[in-house]
Amino acid sequence: MHPILKAALTGGLALAAAASLSGCGGTGVTRPRLESALAATFANLYVQQAGILGYSGVSVAQIAASAACDKGGPRVADAGPGADWICLVTFTDHKQGTHQGKFEVQAKSNACFVAGGPSKLVGLTTITDTHGNDVPNPVFEFDGCFDPRA
Amino acid sequence: MTATTSARIREVRRPGAANRRPGTPTALRWELRKLAAQARARYTLLGSLLAPVLLVLVLDGQQRPPKDNIYGRHIHDSGYAMPLLVLGFAAQWVFPLLTALVAGDIFASEDQHGTWKTVLTRSVSRTQIFWAKTVASVLFALSVLLLLAASTITASSLIVGRQSLVGLTGQLLPSHAALPLVLASWATAIAPLIGFTAVAVLLSVVSRNPAVGVVGPVVIGLVMQLAGSLGGLDAVRHLLLTTPFESWHGLLTEDRFSGPLIDGLLVSAGWTVVCLAVAYAVLRRRDITGG
Amino acid sequence: MSDILAVNAVDVTKRYGALTAVDGISMAVAQGEVYGVLGPNGAGKTTFLRMLFGLIRPDGGTLQVLGRTWQRDGTRALDGVAGFLESPRFYPYLSGRVNLELLAGLDGGDAPTRIDRVLDTVDLTGRDRDKVGGYSFGMRQRLGVAAALLREPRLLVLDEPANGLDPAGIRDMRALVGQLAASGLTVLLSSHDMGEVEQICDNVTIMRTGTVVYHGTIATLREQAPEPAHRLSTSDDQSALALAAGRPGLTVLALDGALAVRGSLDAVDAYLSAVVRHGLALRALSLQEAPLQSLFFMLTETSPETVPGSLDRSPTGARP
Ligand SMILES: Nc1ncnc2c1ncn2[C@@H]1O[C@H](COP(=O)(O)OP(=O)(O)OP(=O)(O)O)[C@@H](O)[C@H]1O
Ligand SMILES: [Mg+2]
């Protein structure tokens, strides 16, 4: 084999091995990662929704959102991409009331997800802001991403 | 056997300037000049400049935003969302196609025109021609990326506005923070784009057929995209050349992460080195019999 | 310097799979010489010249061009060498002039300053700004010569330069090649036409399916050339052919519905008398082909035994 070719193939394979090893350990989509990303994303967006609706004193810390996720029922391992993730999100609203809601989460292999909450908890697609305008509801359905190896 | 006197005279009056040999930069300059003379290359650059403007206008007029793609739901909220939507979309097949239009053709067209024998019987080596063509392809790919990015970002911020952008953890990014992140996100496409350029170069050299060189990388990109979207193939996913196109996600979360970015650089470098090395070896060894 | 051979090939071989396109060819071309490589289609002329240009690698043997080899000198092996193989090819989307500018750029040195001159030499000055895609075959052939001359070569290699041209084009191309040959350049000219080579070449190599069947000067070849061939048509060619058997100094072959008769005038006279005596009528008798042409056909078409044994088959001036 040509020496340059040989060196390049060796180098390329070494790089590939390095890259795949650094990311090994199966899927990057795991329950803890999804739970913390979903809770954090929800909290940020809920603060924005509160701002639109004119509620004051709402902060990420005050909401104290948390999520508990499950994929495909008890008989399916809670890891990997899929549209069958169900996450129970718990948070405190601006009146100190604690709420819980089931979010349907579609997790993708690229460590991003799309989450949709129950409308009786998060409101409809659009909400009315303090000026009376209809604007998109940031928590109705939202995207998020997380570090697949944090 | 004796040579005639005239041959001896000819030898003596050979001017010294004739000994100045052309280098790879000369060959590169001519590759670029050839590209500039080709309608395909000119239209690709023009399209990269104008198509985003059109796309932004059309998307902006949509009542229903394309929610299936990341940032699709935010296109009316911020002018910074549209470039990220377009970036995600371009990675699916547009980037591989745009670079392959030149890189997939640049070697094979010499076979098509039968001009290998014309250029390789001058004073430049196959190695110099190889690098000139490869560098020309990479420069073209980078120009296309630059035009697409500049055009999309400018059009979108003029048409939609420069509102703050929702990050990928739901956090609000004010305009002055969003712009550098959007620019950086587009910059992360450089490495995999060069990787796809190398794939196109390889196909162009090996197939000697411009159609294979242009269509091949697009098909490979789509197949990789599909393989990457399947679950349970994570080890494979890491090695795919399409995965680095999504590494910008880590720039837009609240806690930024760079693992996929670094992997993306390594994987792109790996693909680039292997493809170029094989292409080089094949070009060096092959018999030029056509033309 | 001038003792260095322009081309020194020893035992050069090229195989394409099972086919040996060039089979142990040796050839020596001195500087200043005008050398012909002759052979019918598929003889291996182009394959040999491709190896000379480093476009393909020989499977065996050594090949030196102006004292340089590809293995040792790389692209420098082409310094002072120019020419074209088969029909010259250019970028159709560039003009003739830009094509030459490109090639001059790849030649380096002062090649760009010669563009106007070479365009003038091949009579393309008026059309140089047109795209090559719109050139006629003959114009492209002339542009090929111009591109070769740009390099101001010491060795000019032309592979069937008149191939595919119309009669006027052939005449002009031959005149141009003759003119270049007369200027003192070393010219290596491949052709399948004896007539093209005969006028301008000093030495020739005649090839046939990858091997050399003749090496030597045109003068020697002329001496060896057979007696003029006649084309004979009779009322019964079969019987006439049979009558030729056993006649000394006479070759008669059936050819294109007639007979080709070769031999000394005495032998031919005797044969014709015999034919008539035998009750066959003569319908036509004409001088068929130039003697060298006949020899060329004999060398490249008939079985090796019929080739005159006295021909020198060793490379001209082969060096140890
Ligand atoms: N790339 C190739 N692959 C396979 N066989 C080839 C190739 N190139 C040439 N040949 C074969 O090698 C032999 C010599 O071909 P070459 O082109 O050298 O002949 P030539 O003397 O130049 O003929 P022509 O007068 O037709 O140009 C032929 O039998 C040809 O079919
Ligand atoms: Mg030929």
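Within region B:161-207, track down each residue that is in contact with a Cys (Cβ under 8 Å, 6 or more places away or on another chain) and either more than 17 Å from B:Ser268 (Cα to Cα) or surrounded by fewer than 24 Cβ atoms within 10 Å (Cβ to Cβ) (or both).
Result: B:Leu168, B:Thr169.
Of B:Ser143, B:Ser137, which residue is open to solvent by 10 Å² or more (accessible area, probe 1.4 Å) and part of a helix (DSSP H, G or I)?
It is B:Ser143.
Please find, among C:Ala28, C:Ala9, the residue that is facing chain B (nearest Cβ under 10 Å), part of a strand (DSSP E or B) and more than 12 Å from ligand 1 (Cβ to nearest atom).
Step by step, each of C:Ala28, C:Ala9 is checked, and only C:Ala28 is facing chain B (nearest Cβ under 10 Å), part of a strand (DSSP E or B) and more than 12 Å from ligand 1 (Cβ to nearest atom).
Determine whether C:Leu19 is within 16 Å of ligand 2 (Cβ to nearest atom) and in contact with a strand residue (DSSP E or B) (Cβ under 7 Å, 6 or more places away or on another chain).
In short, no.
Just to confirm my filter: which helices (runs of 4 or more DSSP H) fall fully inside region B:167-261 and include at least 3 residues that are more than 10 Å from chain A (Cβ to nearest Cβ)?
The qualifying helices (runs of 4 or more DSSP H) are B:175-187, B:190-207, B:210-229.
Every residue in region A:36-90 that is in a helix (DSSP H, G or I), within 13 Å of chain B (Cβ to nearest Cβ) and farther than 17 Å from A:Cys145 by Cβ, please.
Correct list: A:Tyr46, A:Val47, A:Gln48, A:Gln49, A:Ala50, A:Gly51, A:Ile52, A:Val60, A:Ile63.
Return yes or no: is C:Val157 of a type in the set (Val, Ile, Thr), within 16 Å of ligand 1 (Cβ to nearest atom), touching a Leu at 6+ places or on another chain (Cβ under 9 Å) and not in a helix (DSSP H, G or I)?
yes
Closer than 30 Å to A:Ala65 by Cα and in contact with a Lys or Arg (Cβ under 7 Å, 6 or more places away or on another chain): is that true of B:Ser175 in this structure?
When the stated conditions are applied, B:Ser175 passes them.
Might you let me know whether region B:89-105 holds any residue that is within 11 Å of another protein chain (Cβ to nearest Cβ) and open to solvent by 30 Å² or more (accessible area, probe 1.4 Å)?
No, there is no match, as no residue in region B:89-105 is within 11 Å of another protein chain (Cβ to nearest Cβ) and open to solvent by 30 Å² or more (accessible area, probe 1.4 Å).
Would you mind telling me which numbered condition in (1) open to solvent by less than 40 Å² (accessible area, probe 1.4 Å); (2) in contact with a Leu (Cβ under 7 Å, 6 or more places away or on another chain) A:Gly123 fails?
(2) is the only condition that A:Gly123 fails.
Could you list, in sequence order, all residues of region C:93-113 that are over 28 Å from the mean Cα position of the chain (by Cα) and over 15 Å from B:Arg20 (Cα atoms)?
Hits for region C:93-113 are C:Tyr93, C:Leu94, C:Ser95, C:Arg97, C:Val98, C:Glu101, C:Leu102.
Failed condition for B:Gly250, given (1) under 30 Å from B:Asp287 (Cβ atoms); (2) in contact with a Phe, Trp or Tyr (Cβ under 7 Å, 6 or more places away or on another chain), with all others met?
Result: B:Gly250 fails condition (1) only.
Checking the condition within 14 Å of another protein chain (Cβ to nearest Cβ) and either among the small types (Gly, Ala, Ser) or open to solvent by 10 Å² or more (accessible area, probe 1.4 Å) (or both), which residue from C:Leu180, C:Leu150, C:Leu155, C:Leu143 passes?
The conditions single out C:Leu180.
So which residues in region C:116-127 are open to solvent by 10 Å² or more (accessible area, probe 1.4 Å) and either within 10 Å of chain B (Cβ to nearest Cβ) or not basic (Lys, Arg) (or both)?
Once the filter is applied, which keeps residues that are open to solvent by 10 Å² or more (accessible area, probe 1.4 Å) and either within 10 Å of chain B (Cβ to nearest Cβ) or not basic (Lys, Arg) (or both), region C:116-127 yields C:Asp116, C:Asp120, C:Thr121, C:Asp123, C:Thr125, C:Gly126.
Regarding B:Gly290, is this residue part of a loop (DSSP other than H, G, I, E, B), of a type outside the set (S, T, N, Q) and closer than 13 Å to A:Asn110 by Cβ?
For B:Gly290, the condition - part of a loop (DSSP other than H, G, I, E, B), of a type outside the set (S, T, N, Q) and closer than 13 Å to A:Asn110 by Cβ - is not met.
Which pairs turn up if I take residues in region B:18-46 that are at the interface with chain C (Cβ under 8 Å from one of its Cβ atoms) and look for partners that are surrounded by 15 or more Cβ atoms within 10 Å (Cβ to Cβ) and in a helix (DSSP H, G or I) with beta carbon separation below 6 Å, at least 6 apart in sequence or on another chain?
B:Pro22/C:Leu106; B:Thr26/C:Gly105; B:Ala27/B:Gln128; B:Ala27/B:Ile129; B:Ala27/B:Ala132; B:Trp30/C:Leu102; B:Trp30/C:Gly105
Conditions (1) within 16 Å of ligand 2 (Cβ to nearest atom); (2) without any contact (Cβ under 8 Å) to a residue 60 or more places away in the chain; (3) surrounded by 24 or more Cβ atoms within 10 Å (Cβ to Cβ), marked per residue:
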| position | (1), (2), (3) |
| --- | --- |
| C:Asn41 | yes, no, no |
| C:Phe48 | yes, no, yes |
| C:Asp59 | no, yes, no |
| C:Val65 | no, no, yes |
| C:Gln71 | no, yes, no |
| C:Arg76 | no, yes, no |
| C:Ala82 | no, no, yes |
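Quick one: is B:Pro83 more than 21 Å from B:Ala132 (Cβ to Cβ) and at pLDDT below 95?
No, not satisfied.
Got a number for residues in region A:126-148 being open to solvent by 70 Å² or more (accessible area, probe 1.4 Å), in a loop (DSSP other than H, G, I, E, B) and not polar (S, T, N, Q)?
The total comes to 1.
Look through C:Thr69, C:Thr46, C:Thr62, C:Thr75 and report the one residue that is within 11 Å of another protein chain (Cβ to nearest Cβ), away from ligand 1 (no atom under 15 Å from the Cβ) and not small (Gly, Ala, Ser).
Criteria check complete, one pass: C:Thr75.
In region C:85-106, what count of residues is obtained for those that are within 8 Å of chain B (Cβ to nearest Cβ) and over 21 Å from C:Val157 (Cβ atoms)?
6
Go over the candidates C:Glu33, C:Glu86, C:Glu101 one by one and state the one that is in the same structural domain as C:Glu196 (by TED's automatic domain parsing) and among the charged types (D, E, K, R).
Sole residue among the options that is in the same structural domain as C:Glu196 (by TED's automatic domain parsing) and among the charged types (D, E, K, R): C:Glu33.
Answer with yes or no whether C:Leu55 is within 16 Å of ligand 2 (Cβ to nearest atom), more than 10 Å from chain B (Cβ to nearest Cβ) and either surrounded by 22 or more Cβ atoms within 10 Å (Cβ to Cβ) or free of Cβ contacts under 8 Å to residues at least 60 places away in the same chain (or both).
no
Spot the failing condition for C:Gly109; the list is (1) within 16 Å of ligand 1 (Cβ to nearest atom); (2) open to solvent by less than 20 Å² (accessible area, probe 1.4 Å); (3) free of Cβ contacts under 8 Å to residues at least 60 places away in the same chain, and only one is missed.
Every listed condition holds for C:Gly109 apart from (1).
Identify, by number, the condition in (1) within 14 Å of ligand 1 (Cβ to nearest atom); (2) within 15 Å of the chain's Cα centre (by Cα); (3) over 30 Å from B:Thr24 (Cα atoms) that C:Tyr35 doesn't meet.
Checking C:Tyr35 against (1) within 14 Å of ligand 1 (Cβ to nearest atom); (2) within 15 Å of the chain's Cα centre (by Cα); (3) over 30 Å from B:Thr24 (Cα atoms), the one that fails is (1).
The values are calculated or read from the model by the stated rules, or taken from the named source; none is laboratory data. Here the structure is a predicted model, which is why all the values come from computation and not from measurement. We place every Cβ from the backbone using ideal geometry, glycine too, and count neighbours over all the protein chains shown. Each accessible area value is taken on the protein alone, full model and side chains, heavy atoms only, with ligands, DNA and RNA left out. Shrake-Rupley method; radii C 1.70, N 1.55, O 1.52, S 1.80 Å.
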